[in-house]
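Data first, discussion second: the structure below is written as structure tokens.
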């Protein structure tokens, strides 16, 4: 929490000091009590969120009145809700959006995927969908995870592993692309061979019928 010389009526608040007036963290119950703060105006910001939660990049305006009472406002000047004598500042869980696509960017269904932490422990596993990407909540900011393709969809090659770091204060997006197996050139595939045989049989049958009509 930083001291500021700005008044509440001013739209933009700026830190009057480079060092914070107070540094504190919440307890296991999510509560922190700050006492004996000199009266004045302060900027409150979050520098690190609890594991699995998103660090808020916004600031709050704290007013300590001469009588010892306090008021807290958001960036737009709206009062922050209080309950039981505590101001309520919520944190959202982190969101990691994982897309499994073709090389052209189309969502691809049927891929078996797994997500692992830096110790190699599986965090999640799922089958990709062509309807929507996979969203995983609660990964830890700043931690590195590895996305692995366990089984590719039929007709596609297995993609290489992707390691990524969960971003601070914002959603993390990861895209893993699959390449289709190349179509052989100069050699007939199974479908082409069946088509050729069918054409040959049709031609022979046509010749036979013509001879019968002579």
Out of all the residues in region 78-94, is one or more closer than 22 Å to residue 161 by Cβ and either surrounded by 15 or more Cβ atoms within 10 Å (Cβ to Cβ) or touching a helix residue (DSSP H, G or I) at 6+ places or on another chain (Cβ under 7 Å) (or both)?
-> yes
Members of region 133-163 that are surrounded by fewer than 18 Cβ atoms within 10 Å (Cβ to Cβ) and closer than 20 Å to residue 93 by Cα | 133, 135, 137, 138, 140, 142, 143, 144, 146
Is it the case that some residue within region 60-74 is more than 19 Å from residue 34 (Cα to Cα), outside the structural domain of residue 171 (by TED's automatic domain parsing), touching a strand residue (DSSP E or B) at 6+ places or on another chain (Cβ under 8 Å) and touching a residue at least 24 places away in the same chain (Cβ under 8 Å)?
-> no
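The values are calculated or read from the model by the stated rules, or taken from the named source; none is laboratory data. A quick note: this is a predicted structure, and the numbers were derived from the prediction, not measured. Glycine gets a Cβ as well: all are built from the backbone with ideal geometry, and neighbour counts include every protein chain shown.
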